[in-house]
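Structure first, then comments.
The values are calculated or read from the model by the stated rules, or taken from the named source; none is laboratory data. Just so it is clear, the model here is predicted, and its values are computed rather than measured. Glycine also receives a Cβ, built like all others from the backbone with ideal geometry; neighbour counts cover every protein chain displayed. We work out accessible area using only protein heavy atoms, side chains counted, and drop any ligands, DNA or RNA first. Shrake-Rupley method; radii C 1.70, N 1.55, O 1.52, S 1.80 Å.
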Amino acid sequence: MVLGLDEDSWIRDSNVLVVVKKIDDQVRRKVARSALLVNDKHDCTISYYLVEEGEELIHEFQKIGNTVE
């Protein structure tokens, strides 16, 4: 799951939360590579935070994402 905030919203210096079943080195590399590709393609800054399912930070991102207009 990927949760994104608008460009003016940040949580823990991140504007995108990537939620995975299990974090390992392969997942870290794939997420980092994907963020770099998006940054280059769209001339933007994806600053992601990687968490496993069930983390409390998911609710924080959802709460902020729902209040952004």
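For region 12-41, a residue qualifies if it is at pLDDT 95 or above and open to solvent by 80 Å² or more (accessible area, probe 1.4 Å), and the qualifying residues are 21, 22, 25, 26, 28, 29, 30, 33, 36, 37, 40, 41. Here residue 9 passes the criteria (1) at pLDDT below 95; (2) open to solvent by 50 Å² or more (accessible area, probe 1.4 Å); (3) of a type outside the set (Val, Ile, Thr) except the one numbered (2).
Can you work out which of the residues in region 42-61 that are open to solvent by 80 Å² or more (accessible area, probe 1.4 Å) and not hydroxyl-bearing (Ser, Thr, Tyr) is nearest to residue 18 (Cα to Cα)? Ranking the candidates gives 53 first. Among residues of region 36-59 that are under 15 Å from residue 14 (Cβ atoms) and among the aliphatic types (A, V, I, L, M), those with a beta-carbon under 6 Å from a residue that is part of a helix (DSSP H, G or I) and open to solvent by less than 50 Å² (accessible area, probe 1.4 Å) at least six positions away or on a different chain give the pairs 46/35; 46/39; 50/31; 51/57. So in region 2-11, with the set limited to residues that are touching a residue at least 24 places away in the same chain (Cβ under 8 Å) and in contact with a strand residue (DSSP E or B) (Cβ under 6 Å, 6 or more places away or on another chain), which one is farthest from residue 47 (Cα to Cα)? Per the criteria, the residue is 3.
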